Amino acid sequence: MTAADRLAMARALELAAEAAAASEIPVGAVVLDAAGVIVAEGRNDREATHDPTGHAEVEALRMAAASAGSWNLDGHTLVVTLEPCLMCAGAILQARIGRVVFGAWDEKAGAAGSMYDVLRDRRLPYRAEVIGGVEADASTRLLRDFFEQRR
């Protein structure tokens, strides 16, 4: 973990809170370049856009690719408040993200170590370093509070 990772997670948590305020599942994500500078961010927006791919990670990856002028984000780090799902793990690998830092584990749909471990699967031609559980309590609290209000 780096200081840049911790600052990025703080921003991702802010984005997750913004998502919750907009009645979206509270997940936020940021992408850091090789120097540790935030170059992109995203938050869940499936409800607003009616887009099933509107996950925070996908939004952040799209913005990072546009900023870099390339789909290849080798050397970048994705920081996200919730363990990526299968779709997002696939997008992360396609973007060649080198590191993924996440907050809460997702025991129901996680693809970075809980249900599946797609990001580190040796059968695939590309893998990412994964650091999970960063600010897990804060991430989990946002999710728990969001879903408790829905019940």
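Scan the stretch 119-141 for residues that are open to solvent by 30 Å² or more (accessible area, probe 1.4 Å) and part of a helix (DSSP H, G or I) and jot them down.
Arg120, Asp137, Thr140, Arg141
Considering the stretch 16-31 alone, what residues qualify as being assigned to a helix (DSSP H, G or I) and open to solvent by 10 Å² or more (accessible area, probe 1.4 Å)? Walk me through it before giving the result.
Keep residues of the stretch 16-31 that are assigned to a helix (DSSP H, G or I), which gives 16-21.
Across the stretch 16-31, the qualifying residues are Ala17, Glu18, Ala20, Ala21.
As an exercise: evaluate Val37 against (1) open to solvent by 10 Å² or more (accessible area, probe 1.4 Å); (2) in contact with a strand residue (DSSP E or B) (Cβ under 6 Å, 6 or more places away or on another chain); (3) under 24 Å from Asp74 (Cβ atoms) and give the number of the one condition it does not meet.
The number of the failed condition is (2).
If you check every pair at least six apart or on different chains, which have Cβ atoms under 7 Å apart with a residue in the stretch 28-52 that is more than 20 Å from Arg11 (Cα to Cα) and at pLDDT 95 or above first and a residue that is of a type in the set (A, V, I, L, M, F, W, C) and assigned to a loop (DSSP other than H, G, I, E, B) second?
Close Cβ pairs satisfying both conditions: Ala48/Ala22.
Scan the stretch 59-83 for residues that are over 17 Å from Ala8 (Cβ atoms) and among the hydrophobic types (A, V, I, L, M, F, W, C) and report the count. Show your work before the answer.
Residues of the stretch 59-83 that are over 17 Å from Ala8 (Cβ atoms), as a first pass: 62, 65-66, 69-72, 74.
Next, only the ones that are among the hydrophobic types (A, V, I, L, M, F, W, C) stay: 65-66, 71.
Here the count works out to 3.
Please go through the stretch 59-77 and give me each residue that is over 22 Å from Ala19 (Cβ atoms) and either modelled with pLDDT under 95 or in a helix (DSSP H, G or I) (or both), ordered by number.
Hit for the stretch 59-77 is Ala68, nothing else.
Search the stretch 85-118 for residues being touching a residue at least 40 places away in the same chain (Cβ under 8 Å) and aliphatic (A, V, I, L, M), and hand back the single one that is surrounded by the fewest Cβ atoms within 10 Å (Cβ to Cβ).
Step one: filter the stretch 85-118 for residues touching a residue at least 40 places away in the same chain (Cβ under 8 Å), giving 97, 101, 103.
Checking the rest, the ones that are also aliphatic (A, V, I, L, M) come to 97, 101.
Working: Ile97: 27, Val101: 25.
Going through the qualifying residues, I end up with Val101.
So, in the stretch 62-79, how many residues would count as being within 13 Å of the chain's Cα centre (by Cα) and over 18 Å from Pro52 (Cα atoms)?
5
The values are calculated or read from the model by the stated rules, or taken from the named source; none is laboratory data. In this text the structure is predicted, and so the values were computed from the model without any measurement. Counting neighbours? That spans all protein chains shown, and the Cβs are built from the backbone with ideal geometry, glycine included. Protein only, heavy atoms only, side chains kept; ligands, DNA and RNA dropped before computing areas. Shrake-Rupley method; radii C 1.70, N 1.55, O 1.52, S 1.80 Å.
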